[in-house]
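Notes follow the structure.
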Amino acid sequence: MSVTLADGSVVEDWGGQFYVNNIGTGRAEMARALAAQTRIMSWVAPSDFAAVRLALTDDLLSVLPGHLTTPHYSVSGSDALEAAIRAARKVTRRTRVLSLTQSYHGDTMTIENVCGGTLMPYGDRRPWAVHALSPVDLWETAGRDWSRAGGLCLEGVDRALRRHGPKSFAALIVEPVMAGAGAIALSRDLSRGLRALCDRHGIKLIADEVVTGFGRTGRWFGSPTVGLTPDAMVLAKGITGGYAPLGAVVFERSWGSELRRSGLNHGLTFAGHPLGCAAARATIRILKREKLVERCASMGQRLRAGLETLRDRYPGLIADIRGHGLLIGLQFDRIRTAVRGRGASPAHLVGRLGSAARAAGIHLLPTSDGSGFLFAPPFTVTPRQIDRLVAVLHRSLASR
Ligand code: PLP
């Protein structure tokens, strides 16, 4: 799980290179799979036949929830999400898309509108993109109770649908665990409630599994982890473990059949690239053979338990530890750390612990608001590495 940083230092990467690097780096088996595919067929138009794409579809079907049957391949998570939105608009003949504040879904000029944050420079706000407050923005109001925050979020989604007219929405897009927001998982009640709203109004429920897919939550996909039954899943990142670019959206059976009949006009030259497909096949093989999804679950438990010892040892310092598998967020407590004085604001702690970890050869990923850390190491992380990380954090907090 080592990466070389710009200054030449080699560090343990606890962010998994933005949650891509699930199976670890430098695997000879991946190199062999890519080389073999290069000799057979390095590229062919997405509309033409490629045996490796068909074989990947079989591999995907062996791990996906049973009702998701029909993949459409792309290059990245962002363009797979665009394909999903096009497909939802096509079959519903509606345009609006609802998503949650603080969600992240990609970086094209369409998808930045679906994201729940601010637009990039030169972006323009599109009227079809509607947002409801996510649990992370409701957590304080809900008395720091995730289940209540989920209930408030569901009420907000319902209100947003009614404000614009529920029959104007083509799709509702959610991350099962909101990675960029700090590993915020949908509660089971919220997942069920979103499904019910989509059923009631004929809206397509799309799960953005770009981060949570392929084991990151300790199960093959994040949706079953949080009790979500989507009409489509969007996949990228961990699908190839970072060894080649590939994205996909996988549709539920009847939606997929309809698209097969009528077609889906969404295609980039390198969509479903054979090398990406070969990398995905090898990645799935490795995840299965080495039982890495199960390992992600058990290493996640060990990491969480270690972080909880920090919370117990330093009461009032850590506001929350959340997430699933090896997608764990730790948030320092804004109010109490600031009141304690001694400069112990969350940002100060993040800076201090980040530097101490760096000195020990550990690279930590701060959350986007700078109030904590996001832990998402490769599933190959060892118990020793976890224990060492926790010890480094303990030492650094003790000498604060
Ligand atoms: N969805 C989520 C949850 C992501 O984290 C990302 C990227 O970070 C994307 C979608 C976009 O994927 P890509 O960068 O491959 O376009």
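Details
- Taking all protein chains into account, the per residue accessible area for the chain stands at 41 Å² (1.4 Å probe).
- Protein accessible area in region 355-400, 1.4 Å probe - carbon and sulfur %: 55 percent
- Projected area, mean over directions - region 182-269, Cα convex hull, nm²: 7.1 nm²
- Over region 2-79, the hull volume per residue, using the convex hull of the C-alpha atoms, is 164 Å³.
- In the chain, lysine pairs with alpha-carbon atoms under 21 angstrom apart (chain gap of 8 or more, or interchain): 5
- Calculated on the alpha-carbon coordinates, the convex hull of the chain measures out at 141 cubic angstrom per residue.
- Portion, in percent, of the accessible area of region 197-300 that falls on carbon or sulfur, probe 1.4 Å: 50 percent
- Measure of compaction for region 150-306 (Cα Rg per 2.2 N^0.38 Å): 1.14
- Ratio of the Cα radius of gyration of region 244-337 to 2.2 N^0.38 Å, where N counts its residues: 1.70
- Rg(Cα)/(2.2 N^0.38 Å) for region 242-400, N = residue count: 1.38
- When peptides 245-253, 348-356 are ranked by their average number of other Cβ atoms within 10 Å per residue, the highest-first order is 245-253, 348-356.
- Cα gyration tensor category, rounded, prolate or oblate, for region 79-225 with a/c compared to 1.5: rounded
- Percent of C-alpha pairs per 5 Å bin, region 1-148, short to long: 2, 7, 10, 12, 15, 16, 16, 13, 7, 3, 1, 0
- Taking all Cα pairs closer than 8 Å and separated by 6 or more residues, the relative contact order of region 1-122 comes to 12 percent.
- Counting only Cβ charges, +1 for Lys and Arg and -1 for Asp and Glu, the dipole size of the chain around its Cα centre is about 440 debye.
- Gyration tensor (alpha-carbon) shape descriptor, region 74-165, a/c threshold 1.5: prolate
- Each Lys and Arg adds +1 at its Cβ and each Asp and Glu adds -1 at its Cβ; summed about the Cα centre, region 87-138 shows a dipole of about 460 debye.
- Computed over region 139-203, Cα set: Rg, Dmax in Å: 12.2, 34
- Working ranking of peptides 67-78, 388-399 by packing, defined as the average number of other Cβ atoms within 10 Å per residue, highest first, is 67-78, 388-399.
- For region 51-165, the share of accessible area belonging to carbon and sulfur comes to 55 percent (1.4 Å probe, ligands and nucleic acids excluded).
- Shape category assigned to region 227-291 from the gyration tensor of Cα positions, a/c cut at 1.5: oblate
- Mean shadow area of region 52-114 over all directions, Cα convex hull, nm²: 5.4 nm²
The values are calculated or read from the model by the stated rules, or taken from the named source; none is laboratory data. These numbers were taken from a predicted model, which means no experiment stands behind them. Cβ coordinates were reconstructed from backbone atoms using ideal geometry, including for glycine residues, and neighbour counts include every protein chain displayed. Heavy atoms of the whole protein, side chains included, go into the accessibility calculation; ligands, DNA and RNA do not. Shrake-Rupley method; radii C 1.70, N 1.55, O 1.52, S 1.80 Å.
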